[in-house]
Amino acid sequence: MYDLLDLLEDITRPAYDGPAPLGFTSRYFTPDELLAARTELARIRGEWSKDHPTFGTWMLGITTGWCDIAPGHRLCLLQTDLRCRCSFPYLAAEWEKIGPCSCVGDLLYQANCPDCRWHHIGSESDVVLAWHDHAWPGWRDLPVLPAKLRGQMGTRQMTPKLAAWLDANYPPEFRVDGAPIVTDRGGVAGRCVPGYSPFGGFDISADKITT
């Protein structure tokens, strides 16, 4: 009976007619279109089946997702997992005997600006920096916030000393809601951190610009 009910539900459910394909794509689609394709593929195959039915589809970034705004732009950070799964059942010695596989790649990220139908695919840092080039032109020329004012990812609050330094060194267009800051992290903690600017934007390590 339950099998018949499941079959009836599949027969009567409207067919998927979304524009995004039910699998990996590097073409531009809006975040909503990509997420709808992932949801549909999960429904068809079963989200938690052992063959990873949503492999290659885009999902909201686990640590980011919708995270930032700029004048006339938005940012949605998506990710997809194309990493090798062949090695998972094996010990290291067994893996060496099997030899290299033909799996397709890596954990990829996508910065997506639906207002412009713009996107960029690469590593997490790559796509965050590319989106700032797109939405905050001139940000690479910002003075680097000294480590003594931020330290190794200290408070995100706007302290009086921090406010004074930013007022003296950052142009007005980069002292608005959503604006990024560039910081000296002392060579550690290099991730581009969303929401860690006192303006609500990204805190970007100066090392990311120079390497």
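The values are calculated or read from the model by the stated rules, or taken from the named source; none is laboratory data. Given the structure is predicted, the values throughout are model-derived calculations rather than measurements. Positions of Cβ are backbone-derived with ideal geometry, glycine not excepted, and every protein chain shown enters the neighbour counts.
Data table
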quantity	calculated
Gly56 modelled with pLDDT under 90 and under 30 Å from Val176 (Cβ atoms)	no
Residue match in the stretch 154-166 (condition: within 20 Å of the chain's Cα centre (by Cα) and either surrounded by 19 or more Cβ atoms within 10 Å (Cβ to Cβ) or outside any loop (DSSP other than H, G, I, E, B) (or both))	no
